[in-house]
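Asker: Input: one structure, supplied below.
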């Protein structure tokens, strides 16, 4: 049986970009959110072999540390021509300094090496797995994706991570060129386009009540 989120919620992330998106998504539901970073929680080792298990690792660790319901995302970009890389290692490709310009350049270099120079050979998708964990070990888990192609050079300064090189199917602008409302705003303000917004809509249906 699904469980509703009420009261205070810990967002189990130290990524300011993810935190901003999650807070925006939660705002219409009147949930008081505090981040793991703000609480000084350590980042657990992400030892899972897929997005869903890594989201659960982060949510469970925060729930056990705070004794509060905790919400985590694990997301990344999956590039078909690179056999699914970077996938769950998307953040690690940016290194300790979180240099996603370098990570995007690495993807482009590998695509060029494999002759992936046309849009048909540069398909990719973003995945977002969301997990809410309670201190009594109850879990709610959802996952979603958005498909697109990779462009070069990167376009736009909005968003974060690999957004500037990801062109979602059916659109003329990259995630890096879209406003936050366009990218992940939920109807009626936005289209709920991003992988995280799509996963959040699934989660909202089972766990959240609008104000």
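The values are calculated or read from the model by the stated rules, or taken from the named source; none is laboratory data. Just so you know, these numbers come straight off a predicted model, no measurement behind them. We place every Cβ from the backbone using ideal geometry, glycine too, and count neighbours over all the protein chains shown.
Asker: How many residues are within 14 Å of the chain's Cα centre (by Cα) and surrounded by fewer than 16 Cβ atoms within 10 Å (Cβ to Cβ) when one looks only at the range 149-174? Walk me through it before giving the result.
Answerer: To start, the set of residues in the range 149-174 that are within 14 Å of the chain's Cα centre (by Cα) comprises 159-163, 166.
Within this subset, residues satisfying the condition of being surrounded by fewer than 16 Cβ atoms within 10 Å (Cβ to Cβ) are none.
Count: 0.
Asker: Further question on the same structure: Can you name the residue in the range 59-77 that is under 29 Å from residue 165 (Cα atoms) and without any contact (Cβ under 8 Å) to a residue 60 or more places away in the chain and is also surrounded by the most Cβ atoms within 10 Å (Cβ to Cβ) among such residues?
Answerer: 74
Asker: On the given criteria, is residue 42 crowded, with 18+ Cβ neighbours inside 10 Å and more than 21 Å from residue 192 (Cβ to Cβ)? Step through it out loud before you land on a result.
Answerer: Details: crowded, with 18+ Cβ neighbours inside 10 Å: no; more than 21 Å from residue 192 (Cβ to Cβ): yes.
Answer is no for this residue.
Asker: Among the helices (runs of 4 or more DSSP H) lying completely within the range 1-117, list those that include at least 3 residues that are in contact with a strand residue (DSSP E or B) (Cβ under 6 Å, 6 or more places away or on another chain). Working first, answer last.
Answerer: Numbers: elements: 16-26, 51-66, 100-113.
By residue number, 16-26, 51-66.
Asker: For residue 187, indicate whether it is surrounded by fewer than 16 Cβ atoms within 10 Å (Cβ to Cβ), in a loop (DSSP other than H, G, I, E, B), free of Cβ contacts under 8 Å to residues at least 40 places away in the same chain and at negative phi.
Answerer: Working: surrounded by fewer than 16 Cβ atoms within 10 Å (Cβ to Cβ): yes; in a loop (DSSP other than H, G, I, E, B): yes; free of Cβ contacts under 8 Å to residues at least 40 places away in the same chain: yes; at negative phi: yes.
When the stated conditions are applied, residue 187 passes them.
Asker: Only one of these conditions is not met by residue 25: (1) surrounded by fewer than 20 Cβ atoms within 10 Å (Cβ to Cβ); (2) in contact with a helix residue (DSSP H, G or I) (Cβ under 6 Å, 6 or more places away or on another chain); (3) at pLDDT below 90. Which number is it?
Answerer: (1)
Asker: Turning to a different aspect of this structure: Quick one: how many residues across the range 155-184 are under 27 Å from residue 94 (Cβ atoms), free of Cβ contacts under 8 Å to residues at least 40 places away in the same chain and assigned to a loop (DSSP other than H, G, I, E, B)?
Answerer: 11
Asker: Pick from the range 137-148 the residues that are without any contact (Cβ under 8 Å) to a residue 60 or more places away in the chain and crowded, with 19+ Cβ neighbours inside 10 Å: which of them is nearest to residue 52 (Cα to Cα)?
Answerer: 144
Asker: Just need a number here: residues in the range 107-136 that are free of Cβ contacts under 8 Å to residues at least 60 places away in the same chain and either surrounded by 15 or more Cβ atoms within 10 Å (Cβ to Cβ) or farther than 19 Å from residue 84 by Cα (or both).
Answerer: Just the residues of the range 107-136 that are free of Cβ contacts under 8 Å to residues at least 60 places away in the same chain, to begin with: 107-124, 136.
So of that shortlist, the ones also either surrounded by 15 or more Cβ atoms within 10 Å (Cβ to Cβ) or farther than 19 Å from residue 84 by Cα (or both) come out as 107-108, 110-111, 116, 122-124, 136.
Residues meeting the conditions: 9.
Asker: Please give the number of the condition residue 168 fails out of (1) farther than 25 Å from residue 48 by Cβ; (2) at pLDDT 95 or above; (3) out of contact with any strand residue (DSSP E or B) (no Cβ under 9 Å at 6 or more places or on another chain).
Answerer: Condition not satisfied by residue 168: (3).
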